1. Using only the Cα atoms of the chain, what semi-axes does the equivalent ellipsoid have when each is the square root of 5 times a gyration tensor eigenvalue? Give whole Å, largest first.
2. Which is farthest toward the positive dipole end of region 71-119 among Pro94, Ser118, Gln74, measuring Cα position about the Cα centre, with Cβ charges +1 (Lys, Arg) and -1 (Asp, Glu)?
3. Looking at Val179, Ala223, Met233, which one has the Cα that reaches farthest to the positive end of the dipole of region 156-235 (charges on Cβ: Lys, Arg +1; Asp, Glu -1)?
4. Which of rounded, prolate or oblate describes region 30-92 when judged by the alpha-carbon gyration tensor and an a/c cut-off of 1.5?
5. For region 47-179, compute Rg over Rh where Rg is the Cα radius of gyration and Rh is the Kirkwood radius from the inverse mean 1/r over Cα pairs.
6. Would you work out the relative contact order for the chain, in percent, from Cα pairs under 8 angstrom that are 6 or more residues apart?
7. May I have the count of lysine pairs in the chain with C-alpha atoms under 17 Å apart, counting pairs 8 or more residues apart or located on different chains?
8. In a shell of Cβ-Cβ distance under 11 Å around Ala175, excluding Ala175 itself, what net charge do Lys and Arg (+1) and Asp and Glu (-1) give?
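Read-outs throughout are calculated quantities, based only on the coordinates presented, and are distinct from any laboratory measurement. Values in this document were obtained by computation on a predicted structure and should not be read as measured data. Every residue, glycine among them, receives a Cβ derived from its backbone with ideal geometry; neighbour counts consider all protein chains shown.
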Amino acid sequence: KLSDLKGLKRGRLRLGVVTTAKYVAPEILGAFCKKYPGIEVSLGVTNREHILERLMGHDDDLYVAGQPREVNEQIECIPFAPNPLVVVARIDHPLACERDIPIEALAGESLILREPGSGIRDAVVKCFEQAGLTPRVRMQLGSNEAIKHAIVGGLGISVLSLHSLRLESAGGGLALLDVQGFPIMRRWHLLHWRGRELSLVARTFLDFAIAYEPEIAERLRNAQAAFDQTREMLR
Ligand code: PGA
């Protein structure tokens, strides 16, 4: 329809994503905007709790986040790309060359933890709890980037999304620790309200993002392989 084409020529897209997804959303948006140059895009990035608040407040058209804990029939929740959480240490960490490290080995490590409201934080705390361990929290930081710098600065180890480490996988002073039970295999979902019809732009972006997923998965595999290679070189 002509009106549809017009919509895609000029429309607006408001996207809200959790911090782990900010490493891939711009890339998808880049490809999308190349195809539909007239669309004006805004990308909101915040932690899980705040994204779910934005969802409740109808602030954006579409959201990328982990699955909401309670099932809400009114929210469409489409499984999207994997979001593996990995243990990260400085490259000279004594465990960086080890394989199959028992999680108990982390009990004595200084841990850098994200802020309350972060999905990563909840997953890490739950993982330690399930293993019957109390993490030794050295500091709390509200940014994945600041955490990476804190690790390099020698403040401790942390758990981050592999997506956030793609650039460092090519040698950024960081290593992945091969700890039992990790990666914690999370998955993003594309969320939107069922009762509120998606705009043509949002619907088109949704399909575009789903079609883009294999590329995201491929980048993840490459990042994992590069870190595995580093571990072998350290041995
Ligand atoms: P967050 O995002 O830690 O920034 O909340 C991670 C997630 O929910 O996967």
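1. 35, 20, 14
2. Of the candidates, Pro94 comes out farthest on the positive side.
3. Projecting each Cα onto the dipole axis, the largest value belongs to Val179.
4. Details: a/c = 1.99, a/b = 1.15, b/c = 1.73.
Since a/c reaches 1.5 but b/c is at least a/b, the shape of region 30-92 is classed as oblate.
5. Radius of gyration over Kirkwood radius for region 47-179 works out to 1.00.
6. Working: 394 pairs, mean separation 69.9, N = 235.
Computed value for the chain: 30 percent relative contact order.
7. Summing the qualifying lysine pairs gives 6.
8. Local charge sum for Ala175: -3.
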